[in-house]
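The values are calculated or read from the model by the stated rules, or taken from the named source; none is laboratory data. Remember, predicted model here, so these are calculated numbers, not experimental data. A quick note on method: Cβ atoms are made from the backbone with ideal geometry, for glycine too, and the neighbour counts reach across all protein chains shown. Side chains included, ligands, DNA and RNA excluded: accessible areas come from the protein's heavy atoms. Shrake-Rupley method; radii C 1.70, N 1.55, O 1.52, S 1.80 Å.
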Amino acid sequence: MVNILHQKFIVKEFLQNDFNERNVINEIYRILEDDNYREEMIRNLLLTKRYLGDGKASYKIAYSILSLFKGT
């Protein structure tokens, strides 16, 4: 959901066969060892928290997704 809200890659998504031990471990190591990668992810997650923080998260998510479909 974070990636959809930001309309860019924020966190790695593992779908279907990509969700396996090797891929998850590689991503964990990248987060732990790559300071820039981790700090950028944290910054974006904090932005997400601020964006959704007033208790209207469901409405905002629905509005953001609808906006994508409407092209606005």
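Considering only residues of the stretch 13-55 that are part of a loop (DSSP other than H, G, I, E, B) and open to solvent by 100 Å² or more (accessible area, probe 1.4 Å), which is nearest to residue 65 (Cα to Cα)?
Checked the stretch 13-55; the qualifying residue nearest to residue 65 (Cα to Cα) is 15.
Output the residues belonging to the stretch 56-72 that are β-branched (Val, Ile, Thr) and either in a helix (DSSP H, G or I) or surrounded by 11 or more Cβ atoms within 10 Å (Cβ to Cβ) (or both).
Listed by number, the residues that qualify are 61, 65.
So which residues in the stretch 1-12 are part of a loop (DSSP other than H, G, I, E, B) and in contact (Cβ under 8 Å) with a residue 40 or more places away in the chain?
1, 7
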